[in-house]
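Peer 1: Before I ask anything, here is the structure I am working with.
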Amino acid sequence: MKMHKPVELVSYDKQWPEAFQRIRGKLLALLPQALAIDHVGSTAIPDMAAKPLIDIDIVLPGLEHIEDATRALLSENYEPRGNRHDDEMWAFLSTGLAPAERVYLCPVGNRTHKNRLAFRDYLIAHPEAAADYAALKLRLAAEFRMDGDRYTAEKREFVDTIVTRALRGDD
């Protein structure tokens, strides 16, 4: 039987942007071929409650760069977490340092990456939508405390709605 870790949300930590910059520097040295290294997820949104985990998308010039980048991440003790979102997005986890890091490799033009940036930027620009998202996350974390997959699945409709608004340019 698979043991589930509880869904743990913490209050926004003003150190998260600094942690991202430090991690970004380390990743850029490790992966000089990266076209972009972006802070995504809830830790990238000011005042958002989040899992204490920095989500980072690394955009590579093409699929042919994934294998070398994977080797580089494995050499730094990132654990492979598989291809996510059915969208050529490879996940890696590093829990050795605090905050933990979840790094995604994707080729340039990746749809999931584009959607994540749109979601992040919309919530930063629309504090009322960010507050709605925070309330939803806190409610779901309490309801599905031992079921992280369900917690994530239950956020999907809200996330999709915001991404659609952001990509349409709605205010």
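Peer 1: Take every Cα-Cα pair in the chain and report what % of them are more than 25 Å apart.
Peer 2: Details: 4659 of 14535 pairs.
Percentage above 25 Å: 32.
Peer 1: Spin-label point model (7 Å from Cα, Cβ direction): what's the Ile124 to Leu28 distance in nm?
Peer 2: 1.6
Peer 1: For n ≥ 4 DSSP H runs only, could you compute -39500 (n - 2.57) per run for the chain, divide by its residues and tell me the 222 nm figure to the nearest 500?
Peer 2: -15000 deg cm²/dmol
Peer 1: Now, a different point. Work out how much length Leu93 to Asp47 would gain on full extension: take 0.36 nm times their residue separation and subtract the Cα-Cα distance, in nm to one decimal. Numbers along the way, then the final one.
Peer 2: On the way: separation 46, 0.36 × 46 = 16.56 nm, distance 2.37 nm.
Here the answer is 14.2 nm.
Peer 1: Please report how far the C-alpha centroid of region 149-169 lies from that of region 106-121, rounded to the nearest whole angstrom.
Peer 2: Their Cα centres are 13 Å away from one another.
Peer 1: Further, regarding this structure: Using alpha-carbon pairs under 8 Å, 6+ residues apart, how would you state the relative contact order of the chain in percent?
Peer 2: On the way: 253 pairs, mean separation 40.2, N = 171.
That works out to 24 percent.
Bear in mind these aren't lab numbers, they're just calculated from the coordinates by the rules spelled out. These figures come from a predicted structure and were not determined experimentally. Every residue, glycine as well, gets a Cβ built from its backbone with ideal geometry; the counts of neighbours run over all protein chains shown.
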